[in-house]
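As structure tokens, the structure follows; a few thoughts come after it.
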Amino acid sequence: MKKILLIFILLLLIGCGKKEKKKIVEKKFAFGTMIDMVVYSENPAKAKKAMDLAFEEIKRIDDKFNTHKEDSLTYKLNHNPGKFFELDSEGLHLFSGVEQIYNVSKTKYDITISPLMKVWGFFDESDRVKIPKKDELEKAVMMVDYSNLEVAGDKIRLKTSKNKIDTGSFLKGYAIHRAKIILAENKVEHAFISAISSIETLNTKPEGESWKVGLQNPEDPSKVYHIVGVDDKSMGVSGDYQIYVEIDGKKYHHLIDKETGYPVRDRKMVVVIGEDGFFADMYSTAFFSMPIEDVIAYVNYTDGLEVMIVKADMSEVYSDGFKKYMIK
């Protein structure tokens with residue numbers, strides 16, 4: 001009886017000493033989308049300060065590099081052809097990563113894709129878009145040329161006025177990965193950050209449960225297609241249902257083959273799980289255009305990287321380790 005009572009008292013003491021981790025949710029707008037941040041913490045006030053710092057980091061990166069911000073580096077590059085601009089260590093990191101994926105993809109991934117995005121109407125505020133004429137497409141295809149983006153030491157320029165950078169395929173992923181680092185530096189242990197197609201998780205949920213991510217059904221985005229568990233990882237998703245223009249009742253998505261000038265038609269969704277949101281975002285875009293067999297071979301050879309490709313007929317192709325993340 002004494003032993004039982006002692007154990008019971010000990011359990012009560014342990015229970016009393018353990019603080020409950022509360023859920024804190026914040027939402028803010030950046031990169032043209034809503035950023036959702038979820039944190040679990042025993043100290044909500046301290047966690048809120050960490051979240052504020054993380055959102056400040058996202059805003060800093062948005063202002064510094066977003067193509068559509070007039071004071072950003074990429075805006076200046078796009079509007080001052082031939083002029084060199086200085087790159088700090090962060091800029092060097094970004095453009096080094098971009099070039100790495102350009103090479104991995106055998107030039108399929110190209111951030112000078114803006115002319116093609118423009119001719120298809122993705123930068124048009126009105127709804128009066130139309131299918132580009134053949135000569136318009138051919139001209140735009142010729143204007144997509146990463147070799148005209150020159151990095152010389154700590155300086156960068158676009159050589160001609162024909163080329164324009166678009167940061168949509170990498171900057172959001174980089175920003176939320178930096179936000180995750182800021183949270184960790186401020187003693188946050190459990191966090192989930194979502195920017196729609198870009199996701200970061202810090203560790204698991206408090207009790208060890210996985211963060212669950214519902215993947216949209218490409219044929220009906222209102223429905224969940226798969227659920228994956230992603231702990232202390234980054235995820236990038238590219239899909240033909242995410243951004244599109246509708247012309248004469250037909251949808252044309254934003255994932256364009258730079259060689260043909262037309263949206264890629266042989267796949268519907270690419271999901272990448274990795275260690276860094278910056279690269280996960282770029283990979284998901286690159287893998288949408290690369291030959292599928294090349295994608296699988298590369299991912300299976302690369303540590304810390306997994307991919308699922310949903311083809312046009314809704315059949316699926318996986319890297320060797322992707323299915324271990326699938327819950328449903």
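The values are calculated or read from the model by the stated rules, or taken from the named source; none is laboratory data. A quick note: this is a predicted structure, and the numbers were derived from the prediction, not measured. Don't worry about glycine lacking a Cβ; one is built from the backbone with ideal geometry, like all the others, and counts go over all protein chains shown.
Would you check if there is a residue in region 193-207 being hydrophobic (A, V, I, L, M, F, W, C), under 24 Å from the mean Cα position of the chain (by Cα) and over 21 Å from ALA286 (Cα atoms)?
At the first step, the residues of region 193-207 found to be hydrophobic (A, V, I, L, M, F, W, C) are 193, 195-196, 199, 202.
Going one step further and asking which of them are under 24 Å from the mean Cα position of the chain (by Cα), we end up with 193, 195-196, 199, 202.
Now drop any that are not over 21 Å from ALA286 (Cα atoms), which leaves 193, 202.
Yes, some residue in region 193-207 is hydrophobic (A, V, I, L, M, F, W, C), under 24 Å from the mean Cα position of the chain (by Cα) and over 21 Å from ALA286 (Cα atoms).
The rows are residues; the columns are (1) of a type in the set (Val, Ile, Thr); (2) at pLDDT below 90; (3) part of a strand (DSSP E or B); (4) under 26 Å from GLU189 (Cβ atoms).
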site	(1), (2), (3), (4)
GLY15	no, yes, no, yes
TYR40	no, no, yes, yes
LEU53	no, no, no, yes
LYS69	no, no, no, no
LYS76	no, no, no, no
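Does GLU246 satisfy being over 22 Å from MET34 (Cβ atoms), modelled with pLDDT under 95 and either of a type outside the set (Gly, Ala, Ser) or crowded, with 21+ Cβ neighbours inside 10 Å (or both)? Walk me through it before giving the result.
Numbers: over 22 Å from MET34 (Cβ atoms): yes; modelled with pLDDT under 95: yes; either of a type outside the set (Gly, Ala, Ser) or crowded, with 21+ Cβ neighbours inside 10 Å (or both): yes.
When the stated conditions are applied, GLU246 passes them.
Find all pairs meeting these conditions: Cβ atoms under 6 angstrom apart; at least six residues apart or on different chains; first residue within region 191-208 and at pLDDT 95 or above; second residue of a type in the set (Phe, Trp, Tyr).
From residues that are at pLDDT 95 or above, the pairs are PHE192/TRP211; THR201/PHE192; THR201/TRP211.
Show me the strands (runs of 3 or more DSSP E) entirely contained within region 236-303 in which 2 or more residues are under 19 Å from the mean Cα position of the chain (by Cα) and touching a residue at least 24 places away in the same chain (Cβ under 8 Å).
267-274
Look at LYS223 and say whether it is among the charged types (D, E, K, R), farther than 30 Å from GLU136 by Cβ and surrounded by fewer than 22 Cβ atoms within 10 Å (Cβ to Cβ). Explain how you work it out, then say what you get.
Working: among the charged types (D, E, K, R): yes; farther than 30 Å from GLU136 by Cβ: yes; surrounded by fewer than 22 Cβ atoms within 10 Å (Cβ to Cβ): yes.
Taking the combined requirement at face value, the residue satisfies it.
Taking the options ASP220, ASP166, ASP231, name whichever one is in contact (Cβ under 8 Å) with a residue 60 or more places away in the chain and more than 19 Å from LYS28 (Cα to Cα).
Criteria check complete, one pass: ASP166.
Residues are listed down the side, and each one gets a yes or a no for (1) outside the structural domain of LYS187 (by TED's automatic domain parsing); (2) part of a loop (DSSP other than H, G, I, E, B):
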position	(1), (2)
LYS49	no, no
ILE61	no, no
SER96	yes, no
LYS106	yes, yes
ASP110	yes, yes
GLU138	yes, no
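Would it be correct to say that VAL230 is touching a helix residue (DSSP H, G or I) at 6+ places or on another chain (Cβ under 7 Å), within 24 Å of MET269 (Cα to Cα) and surrounded by fewer than 22 Cβ atoms within 10 Å (Cβ to Cβ)?
Working: touching a helix residue (DSSP H, G or I) at 6+ places or on another chain (Cβ under 7 Å): yes; within 24 Å of MET269 (Cα to Cα): yes; surrounded by fewer than 22 Cβ atoms within 10 Å (Cβ to Cβ): yes.
Yes: the conditions hold for VAL230.
Which is touching an Asp or Glu at 6+ places or on another chain (Cβ under 6 Å), within 23 Å of GLU90 (Cα to Cα) and crowded, with 20+ Cβ neighbours inside 10 Å, of ILE165, ILE113? Steps first, please.
Values: ILE165 fails: touching an Asp or Glu at 6+ places or on another chain (Cβ under 6 Å).
None of the others qualify; the one that does is ILE113.
Do you know which residues across region 15-56 are under 26 Å from SER114 (Cβ atoms) and crowded, with 18+ Cβ neighbours inside 10 Å?
If the condition is that a residue be under 26 Å from SER114 (Cβ atoms) and crowded, with 18+ Cβ neighbours inside 10 Å, then ALA30, PHE31, ILE35 are the ones that fit.
Return only the number of the condition from (1) in contact with a strand residue (DSSP E or B) (Cβ under 6 Å, 6 or more places away or on another chain); (2) free of Cβ contacts under 8 Å to residues at least 60 places away in the same chain that LYS139 does not satisfy.
Looking at each condition in turn, LYS139 falls short on (1).
Would you mind telling me which numbered condition in (1) over 18 Å from ASP166 (Cα atoms); (2) buried (at least 18 other Cβ atoms within 10 Å of the Cβ); (3) modelled with pLDDT under 95 VAL271 fails?
Only one criterion in (1) over 18 Å from ASP166 (Cα atoms); (2) buried (at least 18 other Cβ atoms within 10 Å of the Cβ); (3) modelled with pLDDT under 95 is unmet by VAL271, namely (3).
From the list PRO132, PRO115, exactly one residue is touching a helix residue (DSSP H, G or I) at 6+ places or on another chain (Cβ under 8 Å), at pLDDT below 95 and not in a helix (DSSP H, G or I). Which is it? I'd like the intermediate steps shown before the answer.
Details: PRO115 fails: not in a helix (DSSP H, G or I).
It is PRO132.
Check region 199-214 and report whether any residue there is in a loop (DSSP other than H, G, I, E, B), in the same structural domain as VAL310 (by TED's automatic domain parsing) and of a type in the set (Gly, Ala, Ser). Give the steps one after another, and end with the answer.
To start, the set of residues in region 199-214 that are in a loop (DSSP other than H, G, I, E, B) comprises 203-211.
Subset that is in the same structural domain as VAL310 (by TED's automatic domain parsing): 203-211.
Going one step further and asking which of them are of a type in the set (Gly, Ala, Ser), we end up with 208, 210.
Yes, region 199-214 contains a residue that is in a loop (DSSP other than H, G, I, E, B), in the same structural domain as VAL310 (by TED's automatic domain parsing) and of a type in the set (Gly, Ala, Ser).
Can you find a residue that is more than 19 Å from the chain's Cα centre (by Cα) and part of a loop (DSSP other than H, G, I, E, B) anywhere in region 217-226?
Within region 217-226, one or more residues are more than 19 Å from the chain's Cα centre (by Cα) and part of a loop (DSSP other than H, G, I, E, B).
Of the residues PHE95, PHE85, PHE123, which single one is more than 15 Å from ILE247 (Cβ to Cβ), of a type in the set (Phe, Trp, Tyr) and without any contact (Cβ under 8 Å) to a residue 60 or more places away in the chain? Give the steps one after another, and end with the answer.
Values: PHE95 fails: without any contact (Cβ under 8 Å) to a residue 60 or more places away in the chain; PHE85 fails: without any contact (Cβ under 8 Å) to a residue 60 or more places away in the chain.
Going through PHE95, PHE85, PHE123 in turn, the sole match is PHE123.
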